[in-house]
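Data first, discussion second: the structure below is written as structure tokens.
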Amino acid sequence: MKVIESGNVAAATGVRLARAQVIAAYPITPQTPLTEKLSELVEAGEMDAEYIAVESEHSALSVCIGAATAGARAFTATSANGLLYMTEQVNWAAGARLPLVMCVVNRGLGAPWTIWNDHQDSMTQRDAGWIQIYVNDHQEIIDTVIKAFRLAESVSIPVMVCFDGYYLSHTYMPYDIPDQKIVDEFLPPYYYKHTLDPNKPENLNTVTMPYGRPDASGDFKNGYMDIRHNHHQEMREAIRVFQEIDRDFEKKFKRGGSPIVSGYQCEDAEFVAVAMGSLSNRLKDTIDRLREEGVKVGVLSVHLYRPFPHDAIINALNKAKGVVVFEKAISYGNQGPLFGDIKAALYPQASRPFIHNYIIGLGGRDITNNDLYDALKASCSTPDEFDDNPRWIGLNR
Amino acid sequence: MNDPKCKVRTSNSTSGPGDAGKTGSWRVERPVFDYSKCTPAKRQKESCFLCWLYCPDAVISKELEPKVNLEYCKGCGICAEECPTGAISMVEDADIMEKENKTS
């Protein structure tokens, strides 16, 4: 069924279709309408779920951790400083390998307070052990939330679905609501390997020694480092699993097909702009304008950021003359995080494109088409004038 | 539904004493029972067992005369705090060891 609705409502509808059983969230701009919608759905009996009101984001994720451990499909959502307040539990959920799904409605971090969009919030959780997916439009939001539950439960790693505050959360766009019957065929009932069972009591995540050891019944148990190694390996497996899940989604719903990265005008591109989230769509207009002038440019949108899809990135970029990474985040005193990751992926390649970095739109500063056009044109026409430092677009306005 | 290639190695173990090694060495005070006050010992029937229930390390046995596994008891004192009849007192391990050394 086609509707015209906000990105937050698209996310909430995805959670409803996935039949989440426990929702615990604390309202924060710009995530608030998402959780409001979910509480309405539960209140109206349109969702068979417990909506647990909590006093903080730390508690919200703690409730989800408890619920998921007890065998319930759980969901939360947050933004910005709410995500930071959650951080301890974010890392805990990943370490416990709980298949949770969380929407991060991207917003800049305080201090100073900002309610507007950039990617600094979810970037702080880049290495927390969650799968991170950045989506570009409303259809991708609803579809990815549904896929995220299946992915999380397939590899037992929690999944963050990140989408831009306001640009996506509060704008209205048409999208298709998947049919509940087909969603039920696509998404099997909740699964977690270590679901609590009173008939088989277990200690979970107690003090774990540096080395493996026998437990009270004499079974050899993993040491801390082996648990971490396995988590890393299965993060890598998640790249393949996500593609398999997307293929099944495509078969059932007739859309999808590029879950890891997606390109626009990339086939013959000499220069490729790279971005995450709604900025990737913004760049398409700039690409069209430069193409009209005869510049062979394309844009690559990175959806799966963790685990980092090295093969897909290399395949998409290693034939280009130049790569230009636009980012709404900065690793202070260093460079844009995505820029660093892409450079590292391309370094072992025999022929390497030049690679530039633009920092853009922090704390909601408007990104104009002319900004993007000027930046991309400068990178394509005068690449030798660039050094390895990121250039900041739109300062002093 | 689990991906067949994913083993999902976590820190899970049979609940019981010894999950953090022989934690008895952490102890400063140990619980000592006065069975003349202890409810199941006095009545000679299964009852109370609050010490067994509250022990965070599961090192107190559920017997008519409850026993403490001193290899793992950390000496936290929760059993002594919870005992409704005051049958458990916390005694300095050093004092007990000193006494044992004098007698031997």
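Couple of notes before you dig in:
- Contact order normalised by residue count of chain B, Cα under 8 Å, 6+ apart, percent: 34
- Shape of chain B, Cα gyration tensor, a/c cut at 1.5: oblate
- Per-residue mean of C-beta atoms belonging to partner chains within 10 Å, peptide A:204-210: 4
- Look at A:Thr206, A:Thr13, A:Thr78 and count the other Cβ atoms within 10 Å of each Cβ; fewest to most, that gives A:Thr206, A:Thr13, A:Thr78.
- A simple packing score, the average count of other Cβ atoms within 10 Å per residue, orders the peptides A:65-74, A:177-186 as A:65-74, A:177-186, with the highest score first.
- Farthest positive-ward along region B:23-103 dipole, Cα basis, beta-carbon charges - from B:Gln44, B:Cys76, B:Val59: B:Gln44
- Sorted ascending by nearby beta carbons within 10 Å, beginning with the fewest, A:Asp226, A:Asp121 become A:Asp226, A:Asp121.
- Cβ-based charge dipole, region A:2-186, positive-most Cα from A:Ala67, A:Pro30, A:Ser154: A:Ser154
- Angle between chain B longest axis and helix B:93-103 axis [Cα atoms, degrees, rounded to 10]: 50
- Cut-off 14 Å between beta-carbons: net charge of the residues surrounding A:Thr87, Lys and Arg +1, Asp and Glu -1: -3
- Charge dipole (region A:2-186, unit charges on Cβ, about Cα centre) - positive-most of A:Val3, A:Thr124, A:Leu17: A:Thr124
- Residues A:Tyr191, A:Tyr175, ranked from the fewest to the most other C-beta atoms within 10 Å, line up as A:Tyr191, A:Tyr175.
- Ordered from longest to shortest, the equivalent ellipsoid semi-axes for the protein assembly as shown are 53, 25, 20 Å, each the square root of 5 times a Cα gyration tensor eigenvalue.
- Inter-centroid distance (Cα atoms) of region A:94-158 relative to region A:44-75, Å: 17
- When each of the peptides B:38-49, A:30-41 is scored by the mean number of other C-beta atoms lying within 10 Å of its residues, the order from highest to lowest reads A:30-41, B:38-49.
- Straight-distance crosslink candidates among lysines, where the alpha carbon sits under 25 Å from B:Lys62 and sequence neighbours closer than 8 are dropped: A:Lys200, B:Lys22, B:Lys37, B:Lys42, B:Lys45, B:Lys74
- Cβ-placed point charges (K, R +1; D, E -1), dipole of chain A about Cα centre in debye, nearest 20: 520
- For region A:1-131, the Cβ-based charge dipole about the Cα centre amounts to some 380 debye (Lys, Arg positive; Asp, Glu negative; other atoms uncharged).
- 12 Å beta-carbon shell around A:Ile115, net charge (K/R +1, D/E -1): -1
- Of all aspartates and glutamates in the structure, those lying under 14 Å Cα to Cα from A:Lys193, and not within fewer than 8 positions of it along the same chain, are A:Glu153, A:Glu202, B:Asp3.
- Lysines whose Cα lies under 19 Å from that of A:Lys343, excluding same-chain neighbours fewer than 8 positions away: A:Lys319, A:Lys321, A:Lys328
- Hydrodynamic radius (Kirkwood) for region A:261-392, which is based on Cα pairs only, to one decimal in Å: 14.5
Computed from the coordinates by the stated procedures, all read-outs in this text should not be read as laboratory data. Here the structure is a predicted model, which is why all the values come from computation and not from measurement. Positions of Cβ are backbone-derived with ideal geometry, glycine not excepted, and every protein chain shown enters the neighbour counts.
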